[in-house]
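Worksheet: one structure, shown below.
What follows is calculated from the coordinates using simple rules that are stated; it is not laboratory data. Given the structure is predicted, the values throughout are model-derived calculations rather than measurements. Quick reminder, even Gly has a Cβ in these numbers, built from the backbone with ideal geometry, and neighbours come from all protein chains shown.
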């Protein structure tokens, strides 16, 4: 975010639209990483984790 915000309303709207787009993208990444984290935790600490011969294999 720029330190000095523009005083032009059109530029402010463009900046806001850009930031909202980045926020949506970040939220999607967070959801993906939370799902991946959950799957990896299940694989690592799940009921059958001790049965896996190779930790690299699902």
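Between residue 48 and residue 25, the FRET efficiency from the beta-carbon distance, with R0 = 35 Å, is close to 0.50. Over the Cα atoms of region 1-42, the radius of gyration divided by the Kirkwood radius equals 1.30; this is the Rg/Rh ratio.
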